[in-house]
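Notes follow the structure.
The values are calculated or read from the model by the stated rules, or taken from the named source; none is laboratory data. Every value quoted in this text rests on a predicted model; they were computed, and no experiment measured them. Neighbour counts are summed over all protein chains in view; Cβ atoms, including those assigned to glycine, are modelled from backbone coordinates with ideal geometry.
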Amino acid sequence: MAEEYDLVVLGGGTGGYVAAIRASKLGLKVAVVEKGKMGGTCLHRGCIPSKALLRSAEVFRQTQLAEEFGVETNSPVLNFVKVQERKQAIVDTLHKGVQGLMKKGEIDIYEGFGRILGPSIFSPSAGTISVELNNGEENEMLIPKNVLIATGSSPRTLPGLEVDGSYVMTSDEALNMQDLPDSIIIVGGGIIGIEWASMLADFGVEVTVLEYLPTILPTEDEDISKEIMKHMKQKGITVITDIRVLSESLKIDGNVVIQGESNGETYTFEADRMLVSVGRSANVTNIGLENTDIELDNGVIQTNKYYQTKESHIYAIGDVIGGMQLAHVASHEGITAVQHMADKNPHVINYDQVPSCIYSNPEAASVGLTEKQAEDQGYEVKVGRFPFKANGKALVFGESEGFVKIIADKHSDDLLGVHMVGPHVTDMITEAGLAKVLDATPWEIAETIHPHPTLSEAIGESAMAVDGNQIHG
Ligand code: NAD
């Protein structure tokens, strides 16, 4: 007997499970279909485990610097097995938390692979969902009034390059390495590549980053990419830009040898392992899109601003629709979609107000337009900058690298973008996000009293600097 639901969510990642909770709070009868573990990529193969490893790398790095703080230690020794155990314990705790939330919300979980079968007499609007259960039992049929596709994305690789999981890895396999290599080649200097480069260098691994474009972190403000590049080099990382990796040249023989081509010259690189971090592709295969009128463009599902696909009762959110592939974006899109299906008049997401964060050392964070984007859009800009080396708390922390950069419209004073590199900026960017939501001007940010001594004073000073009024610089 098929079970009926107001909403069936395909995918229990951050986008899917948050949407399911909101739907349940709105009184909908909800089911989630998840082929792996509730929590999805962010919890099991992304944000959380990678940040746990980055934190161990940070502690290891800081312990080596302990003498600077007047704390004498013997030479610290890294126990990578314990590093991995700690990471797993954090993931397991959060996994239990998500499972508990599902129970509390009386949300049914189907462990298996869900496929849309297309409109039927039972479910003329949204289409019946068939679930191929992980336990091998006969497929379960679900009849939803609405469907939310939140199937996420998977790591891309290069054409012809086989990921064997031990010598050639994506972030999925790298997160479960049981030991550290002496050396690694990282193909792709985007967010994943740079977070891993920073982490592995802090663990003492010899790292080479090969980036196709002329700059690492190509979507960031130019000053941010340059600053991070400088710090990656200071860590001893070799960063080579403008290079095309020749995947067909890959040789694995106890280590990895691969060639790259730059300006007509061919270069050879050799390391113990290789990490491929060249972007992620939407998970759209086998989920039954061919049984619907749903449209794809460039491999991602097309939706309107309420995340409705061409089939008005089938919504899609998160990495599977492209755009900013971030967990907090997926969850907010999920909330908007659910509010729309429940006729709750949702707020439309303004992507200019969404912060994005890079958890390298030093960290980077930003919201809004880069300086170049602002200029390309015809704004005449004024820019305020403030370096952390002039901030007391940063000096106390012993982490005074980086700066805050604020970009505003010269004529209207509108805040266009905020970009930061430095200590704890991934936590501090929320102030800039709030300023964007409230349409605050740099003057209003500067009028906000930032407590002393805090790192956040750098935001206040940078806002003052937009009009040349900074105090400490
Ligand atoms: P990305 O798009 O951020 O970066 C990929 C990089 O690889 C780009 O710089 C690109 O120019 C380069 N590249 C592409 N083809 C190449 C080639 N053949 N040779 C060399 N370089 C090549 O992708 P990613 O780093 O894999 O991350 C995937 C997604 O996951 C991103 O959208 C990112 O936002 C998200 N993510 C976010 C966080 C975070 O918020 N902290 C962390 C990890 C991942």
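Descriptive notes on the structure:
- Residue list for the range 437-462, restricted to those being under 11 Å from residue 392 (Cβ atoms) and either in contact with a Cys (Cβ under 7 Å, 6 or more places away or on another chain) or charged (D, E, K, R) (or both): 457
- Count of residues meeting criterion [surrounded by fewer than 21 Cβ atoms within 10 Å (Cβ to Cβ) and among the β-branched types (Val, Ile, Thr)] in the range 424-473: 8
- Residue in the range 131-145 that is over 24 Å from residue 401 (Cβ atoms), among the small types (Gly, Ala, Ser) and within 24 Å of the chain's Cα centre (by Cα) present: no
- Looking at 166, 130, just one residue is more than 16 Å from the ligand (Cβ to nearest atom), assigned by TED's automatic domain parsing to the domain that holds residue 271 and small (Gly, Ala, Ser), and that residue is 166.
- Filtered residues of the range 352-377 (kept if within 13 Å of the ligand (Cβ to nearest atom) and under 20 Å from residue 303 (Cα atoms)): 354
- Residue list for the range 203-219, filter: within 11 Å of the ligand (Cβ to nearest atom) and surrounded by fewer than 22 Cβ atoms within 10 Å (Cβ to Cβ): 212, 213, 214, 215, 218, 219
- Against the conditions (1) under 24 Å from the mean Cα position of the chain (by Cα); (2) within 12 Å of the ligand (Cβ to nearest atom); (3) of a type outside the set (Val, Ile, Thr), residue 227 satisfies every one except (2).
- Among the residues of the range 251-266, the one identified as within 13 Å of the ligand (Cβ to nearest atom) and either aliphatic (A, V, I, L, M) or in contact with a helix residue (DSSP H, G or I) (Cβ under 8 Å, 6 or more places away or on another chain) (or both) is 258.
Residues checked against (1) surrounded by 16 or more Cβ atoms within 10 Å (Cβ to Cβ); (2) assigned to a helix (DSSP H, G or I):
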residue: 4; (1), (2): no, no
residue: 18; (1), (2): yes, yes
residue: 24; (1), (2): yes, yes
residue: 33; (1), (2): yes, no
residue: 44; (1), (2): yes, yes
residue: 49; (1), (2): yes, yes
residue: 52; (1), (2): yes, yes
residue: 76; (1), (2): no, no
residue: 84; (1), (2): yes, yes
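- Enumeration of residues in the range 352-372 that are among the β-branched types (Val, Ile, Thr) and either modelled with pLDDT under 95 or more than 12 Å from residue 420 (Cβ to Cβ) (or both): 354, 370
- 1 or more residues farther than 29 Å from residue 50 by Cβ: qualifying helices (runs of 4 or more DSSP H) within the range 357-473: 371-376, 392-397, 442-447, 457-465
- Residues being of a type in the set (Val, Ile, Thr), assigned to a strand (DSSP E or B) and within 13 Å of the ligand (Cβ to nearest atom) - total across the range 267-318: 2
- From 149, 109, 90, residue being on the phi < 0 side of the Ramachandran plot, touching a Pro at 6+ places or on another chain (Cβ under 8 Å) and either hydrophobic (A, V, I, L, M, F, W, C) or at pLDDT below 95 (or both): 90
- Residue list for the range 176-220, restricted to those being under 17 Å from residue 421 (Cα atoms) and more than 17 Å from the chain's Cα centre (by Cα): 215
- Among the residues of the range 249-266, the ones that are in a strand (DSSP E or B), of a type outside the set (A, V, I, L, M) and in contact with an Asp or Glu (Cβ under 8 Å, 6 or more places away or on another chain) come to 1 in all.
- Check on residue 248, more than 9 Å from the ligand (Cβ to nearest atom), closer than 14 Å to residue 168 by Cα and touching a residue at least 40 places away in the same chain (Cβ under 8 Å): yes
- Number of residues in the range 135-176 that are of a type in the set (A, V, I, L, M) and within 29 Å of residue 53 (Cβ to Cβ): the value is 8.
- Checking residue 157 against (1) polar (S, T, N, Q); (2) more than 24 Å from residue 364 (Cβ to Cβ); (3) more than 15 Å from the ligand (Cβ to nearest atom), the condition it does not meet: (3)
- Test: residue 405 is among the basic types (Lys, Arg), within 23 Å of residue 198 (Cβ to Cβ) and buried (at least 17 other Cβ atoms within 10 Å of the Cβ): yes
Here's the yes/no breakdown for (1) part of a strand (DSSP E or B); (2) within 16 Å of the ligand (Cβ to nearest atom):
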{"residue": "111", "(1), (2)": "yes, no"}
{"residue": "115", "(1), (2)": "yes, no"}
{"residue": "142", "(1), (2)": "yes, no"}
{"residue": "161", "(1), (2)": "no, yes"}
{"residue": "201", "(1), (2)": "no, no"}
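- Long-range neighbours under 8 Å by Cβ, at least six apart or interchain, first residue within 16 Å of residue 257 (Cα to Cα) within the range 178-201, second among the basic types (Lys, Arg) and more than 9 Å from the ligand (Cβ to nearest atom): 181/273; 183/273; 184/273; 185/273
- Subset of the range 220-233 (residues that are closer than 14 Å to residue 369 by Cα and surrounded by 15 or more Cβ atoms within 10 Å (Cβ to Cβ)): 220, 221, 223, 224
- Of the residues making up the range 207-245, those that are in contact with a Lys or Arg (Cβ under 9 Å, 6 or more places away or on another chain), in contact (Cβ under 8 Å) with a residue 60 or more places away in the chain and not in a loop (DSSP other than H, G, I, E, B) number 3.
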